[in-house]
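The values are calculated or read from the model by the stated rules, or taken from the named source; none is laboratory data. Quick caveat: nothing in here was measured; it's all calculated off a predicted structure. Don't worry about glycine lacking a Cβ; one is built from the backbone with ideal geometry, like all the others, and counts go over all protein chains shown. Side chains included, ligands, DNA and RNA excluded: accessible areas come from the protein's heavy atoms. Shrake-Rupley method; radii C 1.70, N 1.55, O 1.52, S 1.80 Å.
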Amino acid sequence: QVQLVESGGGLVQAGGSLRLSCAASGVTFGYAMGWFRQAPGKERELVAAISWSGRTTNYADFGKGRFTISRDNGKNTVSLQMSSLKPEDTAVYYCAADRSLPALMRGSLEVWGQGTLVTVSS
C-alpha cells in the first residue's frame, strides 16, 4: 500500500545545492526512511537514512558534511538537502522505506520510489 514519489532532481553546477523531497502515501508508521542512488553502470548505494523518530541518522562517507536527511512524519515526507555537489554525485536518487533502520541500510527495502535524476555538471 505504501507508495513513494520523489521530486527535486535536476541539473546543477558543481558546488551548487539541491533539495530532494519524497512524499509517502499509505501507512508508513514506524518505518525507517532513506535515500539511495544509482549512477550509470554502478550498483545502488546508500546515501542517507533516518529512523522513524528522526533520532538516528546515517550517512555514506561521501555525504558526510554535505548532505542532510530530515523527515516530517506529520506531512509524511522525507527530504535530502545536498550541498557542495560534485560531478560524481550524478545519479538517479531513490527514496526508500523499510520497517527498521538496520534493514534499510542493508538494502532490504520494502518500498522504493521511481527515482529522480540529479545531474551535476563540471
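Residues in the range 71-120 that are assigned to a strand (DSSP E or B), more than 16 Å from Arg37 (Cβ to Cβ) and polar (S, T, N, Q): Thr77 only. Can we say Arg99 is at pLDDT 95 or above, open to solvent by 40 Å² or more (accessible area, probe 1.4 Å) and not aliphatic (A, V, I, L, M)? So Arg99 does not fit the description; no.
Going through Arg106, Arg37, Arg44 one at a time, which residue ends up being open to solvent by 60 Å² or more (accessible area, probe 1.4 Å), charged (D, E, K, R) and under 26 Å from Leu11 (Cα atoms)? Only one candidate qualifies: Arg44.
Please go through the range 63-72 and pick out each residue that is open to solvent by less than 60 Å² (accessible area, probe 1.4 Å) and either over 16 Å from Glu6 (Cα atoms) or not charged (D, E, K, R) (or both). If the condition is that a residue be open to solvent by less than 60 Å² (accessible area, probe 1.4 Å) and either over 16 Å from Glu6 (Cα atoms) or not charged (D, E, K, R) (or both), then Gly63, Arg66, Phe67, Ile69, Ser70 are the ones that fit. Which is touching a residue at least 24 places away in the same chain (Cβ under 8 Å) and among the charged types (D, E, K, R), of Arg66, Arg44, Arg55? Going through Arg66, Arg44, Arg55 in turn, the sole match is Arg44. Filtered by the rule that a residue be on the phi > 0 side of the Ramachandran plot and either surrounded by 15 or more Cβ atoms within 10 Å (Cβ to Cβ) or not in a strand (DSSP E or B) (or both), the range 2-33 gives Gly8, Gly15, Gly26, Gly30.
Quick check on the range 6-57: of everything there that is of a type in the set (Lys, Arg) and in contact with a strand residue (DSSP E or B) (Cβ under 6 Å, 6 or more places away or on another chain), which residue is nearest to Thr68 (Cα to Cα)? Going through the qualifying residues, I end up with Arg19.
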